1. Residues of segment 197-212 being open to solvent by 20 Å² or more (accessible area, probe 1.4 Å) and assigned to a helix (DSSP H, G or I), which ones?
2. List pairs: first residue in segment 97-110 and more than 16 Å from Phe132 (Cα to Cα), second residue part of a strand (DSSP E or B) and open to solvent by less than 50 Å² (accessible area, probe 1.4 Å) anywhere in the structure, Cβ distance under 8 angstrom, at least six positions apart or on different chains.
3. Phe130 fails exactly one of the following numbered conditions: (1) modelled with pLDDT of 90 or more; (2) open to solvent by 20 Å² or more (accessible area, probe 1.4 Å); (3) of a type in the set (Phe, Trp, Tyr). What is the number of that condition?
4. Considering only segment 140-148, I want to know if a residue exists there that is over 25 Å from the mean Cα position of the chain (by Cα), polar (S, T, N, Q) and open to solvent by 70 Å² or more (accessible area, probe 1.4 Å).
5. Would you mention how many residues in segment 122-179 are at positive phi and in a helix (DSSP H, G or I)?
6. Looking at (1) part of a loop (DSSP other than H, G, I, E, B); (2) small (Gly, Ala, Ser); (3) modelled with pLDDT under 90, find the lone condition where Ala60 falls short.
7. Criterion first (open to solvent by less than 50 Å² (accessible area, probe 1.4 Å), under 20 Å from His114 (Cα atoms), aliphatic (A, V, I, L, M) and within 21 Å of the chain's Cα centre (by Cα)) does Val67 satisfy it?
8. Do you know which residues across segment 176-221 are of a type in the set (Lys, Arg) and closer than 17 Å to Lys162 by Cβ?
Amino acid sequence: MIVLSFASQINNDAATPAGHGALKSKVIFCVRGVISPLLANIYLHYVYDLWANHWRQRQATGDVIFVRYADDSVVGFEQQRDAERFLADLRERLARFALSLHPDKTRLLEFGGHAAQRRAGRGEGTPETFDFLGFTHICGANRKSEGFQLWRKSSRKRLKAKLQATKEEMRKRMRLPIAEQGRWLGSVLSGFFAYHAVPTNYARIDAFRFHSVRAWVRTLRRRGQNRPMTWEKMQRHIDRYLPKARVLHPWPERRFRVRHSGWEPYAGTRPVRFCAGAVSNDRPYRDCLKIDALLTNPVT
C-alpha cells in the first residue's frame, strides 16, 4: 500500500517567452479561495486519475485499488513489486507537470489481512498505520471471528485541534445564556458525530464529548463564583442539549453493497474496494494524452 500526498504548490513562476513569439506554458495557482481546490482537482484528474487507471490496466500484475480525495491519495496493491514500480513511475509522471510527492507523507507500507501474520513471521512488529481524511487506519481483528478487520479511529492530531478550537470558542461564549451555549455545543457535537461516528471509533467520539462537556462546566464555573455549577445541575443541561455518543454509520461493506452493488464487483467480499479508480468512458487515456501534449509542449 502507498500513502501519497501531492505537493500543494505547482509552480510560482509566470509564463516565460520560449522564442519566436511563442510562450512556454506553465501551471500556476493564479486563483485562490474556494475555486482553487476545484481547479486542482480537475487538473489532477487528467494528470493522475486517468493515467493511474491506464497503468493498472496495462502494467499491474495483481489487484490494485485507487482512492483519491483532493491532493491526498491511498493506493492498495496485491503485489509488492507493483507498488514499487508504480511509485517510481508516478514520480516520473508528476515531474513532467512540475509536480512532486510530499516527501514526509509519502510512504510504502505493508497493510491488510495478512500483514500482521507476515510481519510476525519475519520477527517484525505490528503493521504500520496511516492517516487519511481525518482517520487513522489500523490493521485490527474482529472480536467475534478473530479475522482481519479494518479499524478507523479519529486522528489524534485532528481530534486535539478540534477540541482546542471548541474550548476557545466556548470561552468566547462565556457570558451567553446557558440555553444558547447548550444549543451551540450540541450542534458542534452533532456535526462531529455526523462524520466521525463510524464503527470502531466509539471510544474517540465518546472522549470528544466528555472533554467538551468538561470544558463547558469549567466555563460556567468561571463566570459564576458565588453560585458554582454542580454536576447535578449540569447533568440536566447535558441531557437537554447535548446528543449522546453513538455509532451513526454502518460498516463500509454494508453501505457500499447497497449503493454500488451493480457497479463494483468486489462489494461485499474481502477486501472491500472503497473506490474503483477513474471511471472509464470510450477513450479516457487517449483524451489524457491529448491534454498531456497541450500542457507540456510550447503553445504557439
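1. Step one: list which residues in segment 197-212 are open to solvent by 20 Å² or more (accessible area, probe 1.4 Å), which gives 200, 202-204, 206-207, 209-211.
Tyr202, Ala203, Arg204, Asp206, Ala207, Arg209, Phe210, His211, listed by residue number.
2. Going by the 8 Å Cβ cut-off, the qualifying pairs are Leu99/Phe6; Ser100/Phe6.
3. (2)
4. Taking every residue of segment 140-148 in turn, at least one turns out to be over 25 Å from the mean Cα position of the chain (by Cα), polar (S, T, N, Q) and open to solvent by 70 Å² or more (accessible area, probe 1.4 Å).
5. Within segment 122-179, the subset at positive phi is 123, 133-134, 146.
Checking the rest, the ones that are also in a helix (DSSP H, G or I) come to none.
Here the count works out to 0.
6. Just one mismatch for Ala60, condition (3).
7. On the way: open to solvent by less than 50 Å² (accessible area, probe 1.4 Å): yes; under 20 Å from His114 (Cα atoms): no; aliphatic (A, V, I, L, M): yes; within 21 Å of the chain's Cα centre (by Cα): yes.
For Val67, the condition - open to solvent by less than 50 Å² (accessible area, probe 1.4 Å), under 20 Å from His114 (Cα atoms), aliphatic (A, V, I, L, M) and within 21 Å of the chain's Cα centre (by Cα) - is not met.
8. Of segment 176-221, the ones of a type in the set (Lys, Arg) are 183, 204, 209, 214, 218, 221.
Correct list: Arg204, Arg209, Arg214.
The values are calculated or read from the model by the stated rules, or taken from the named source; none is laboratory data. In this text, all values refer to a predicted model and were calculated from it rather than measured experimentally. Cβ coordinates were reconstructed from backbone atoms using ideal geometry, including for glycine residues, and neighbour counts include every protein chain displayed. Just the protein is used for accessible areas: all its heavy atoms, side chains included, with ligands, DNA and RNA removed. Shrake-Rupley method; radii C 1.70, N 1.55, O 1.52, S 1.80 Å.
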